[in-house]
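The values are calculated or read from the model by the stated rules, or taken from the named source; none is laboratory data. Quick caveat: nothing in here was measured; it's all calculated off a predicted structure. Cβ sites come from the backbone with ideal geometry, for glycine too, and all protein chains shown count toward neighbours. Ligands, DNA and RNA are stripped out before the accessible areas are found, and what is left, the full protein with its side chains, is counted by its heavy atoms. Shrake-Rupley method; radii C 1.70, N 1.55, O 1.52, S 1.80 Å.
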Amino acid sequence: MKLLTCASYHGTGSSAVTDVLNECDNVHDMGNYEFRFVQDPDGICDLEYNLVINNHRLNSGYAIKRYKKLVEFLNGNFISKRYRGFFGNKWKELSEAYIASLTDTEFEGYWHYDLIDKGGAAWFADRAVNKLYHKLLGKRAVGSLNVVLRGCKSYVSYPREKFYDATKAYIDALFGSANTDGKEFVMADQLVPPSNTMHYMRFFNDLKVVCVERDPRDLYALGKAVWKDGVIPTDVENFCKWYKATRAHKQYENDDPSKVLRIRFEDMIFKYRATKDSILAFCGIGEEHHVRPLTLFDPRISVRNTQAYKSKKIDAKDIAYIEKELESELYDFDDAEVNI
């Protein structure tokens, strides 16, 4: 089983790639859902930092607690199944086994960050009880009373290189449990980010990443007029600063071309055949497996999602400012025609 994923900068059109790959008969579709547990805060990359890169007598155990909390959240509830909707009980079962494999020992105990997580009231209650305890008993008072976090657990972990073997096995087991039809490839969206992408390869046995970029004028127009979700700045000066900062990594990183492919969303439409062929070849999928072409992604339809900055009635001064500040990032729409 080989893993495929798309990485985007929010709204840059990675679903076009996902759709093309899911038109293939040897790809298991994980659905329209983002599997971000590797890259998100408190996820696997944070575990690596706290357990391996900067192992610490307190932070490492706390990182395990944070991952356990993330697992519980992603396990879902009666309102939203989240990962349980894709992995069933295997999400929690395999995650708990993974955590156990990284843990050297655990004991009943806590430190001040456990109190911080409980909130201001818990912190105040703990301090007040212990101040009263020491005031009443004076020199006879020994240590501190744990009345707020009784039963709280602390963890000790220093897995070193074992971390990577355990993580690879964990991820393979997770997606293997979901790949019920035994397909050669599994497509899971947003497993890794488009920045520092090569760092994340150490967590996978076999992963191919397609990173998707988009014309900044369209991103600005859609964020301002359609999405309005607060992820992208909608005043033009801050938008340009945001765009530059979130893409600055490109000048410092070196991708392995056998593992990371970077494309433009617009090329999926105006250079469809060549771009589609390059994606399939990069993933190692033969053209004979692309058995449902144009059924999930059709450039003749998706062309409506280009040049939004013209159709959404965005202030011409804003577009001119973007064209000046982000000139090298613009897509050349002159003479662009849908090519299938």
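Within segment 69-85, which residues are open to solvent by less than 70 Å² (accessible area, probe 1.4 Å) and either of a type in the set (A, V, I, L, M) or in a helix (DSSP H, G or I) (or both)?
Within segment 69-85, L70, V71, L74, G85 meet the criteria.
Can you name every one of the strands (runs of 3 or more DSSP E) wholly within segment 148-257 that holds 3 or more residues which are open to solvent by less than 10 Å² (accessible area, probe 1.4 Å)?
Of the strands (runs of 3 or more DSSP E) lying wholly inside segment 148-257, those with at least 3 residues that are open to solvent by less than 10 Å² (accessible area, probe 1.4 Å) span 185-189, 207-213.
For segment 235-279, which residues satisfy the criterion of being closer than 23 Å to A320 by Cα and in contact (Cβ under 8 Å) with a residue 12 or more places away in the chain?
Result: V236, E237, F239, C240, Y243, K244, T246, R247, R264, F265, E266.
Is there a residue being open to solvent by 60 Å² or more (accessible area, probe 1.4 Å) and either charged (D, E, K, R) or modelled with pLDDT of 95 or more (or both) anywhere in segment 259-270?
Yes, segment 259-270 contains a residue that is open to solvent by 60 Å² or more (accessible area, probe 1.4 Å) and either charged (D, E, K, R) or modelled with pLDDT of 95 or more (or both).
Of everything in segment 302-333, what is out of contact with any strand residue (DSSP E or B) (no Cβ under 9 Å at 6 or more places or on another chain), part of a helix (DSSP H, G or I) and either open to solvent by 90 Å² or more (accessible area, probe 1.4 Å) or of a type in the set (D, E, K, R) (or both)? Give them in sequence order.
Answer for segment 302-333, where residues must be out of contact with any strand residue (DSSP E or B) (no Cβ under 9 Å at 6 or more places or on another chain), part of a helix (DSSP H, G or I) and either open to solvent by 90 Å² or more (accessible area, probe 1.4 Å) or of a type in the set (D, E, K, R) (or both): R304, K310, K317, D318, E323, K324, E325, E327, S328.
Looking at A336, is it surrounded by fewer than 15 Cβ atoms within 10 Å (Cβ to Cβ) and not polar (S, T, N, Q)?
No: the conditions fail for A336.
Please indicate, with yes or no, whether at least one residue in segment 288-300 is of a type in the set (S, T, N, Q) and closer than 22 Å to D215 by Cβ.
Scanning segment 288-300 turns up no residue that is of a type in the set (S, T, N, Q) and closer than 22 Å to D215 by Cβ.
Considering A63, A16, A97, which residue is over 15 Å from the mean Cα position of the chain (by Cα), under 30 Å from T234 (Cβ atoms), assigned to a helix (DSSP H, G or I) and not hydroxyl-bearing (S, T, Y)?
A16
Only one residue in N54, N50 is among the polar types (S, T, N, Q), surrounded by 15 or more Cβ atoms within 10 Å (Cβ to Cβ) and at pLDDT 95 or above. Which one?
Going through N54, N50 in turn, the sole match is N50.
If you go through segment 113-160, how many residues are closer than 19 Å to K65 by Cα and of a type in the set (S, T, N, Q)?
3
If Y110 satisfies all but one of (1) more than 17 Å from the chain's Cα centre (by Cα); (2) part of a helix (DSSP H, G or I); (3) under 26 Å from R150 (Cα atoms), what's the number of the condition it fails?
It fails just one condition, (2).
Tell me which residues, restricted to segment 280-309, are under 22 Å from L330 (Cα atoms) and in contact (Cβ under 8 Å) with a residue 40 or more places away in the chain.
P299, R300, S302, N305, T306, Q307, A308, Y309
Go through (1) in a helix (DSSP H, G or I); (2) in contact with a Lys or Arg (Cβ under 9 Å, 6 or more places away or on another chain); (3) at pLDDT 85 or above one by one and return the number of the condition D126 breaks.
(3)
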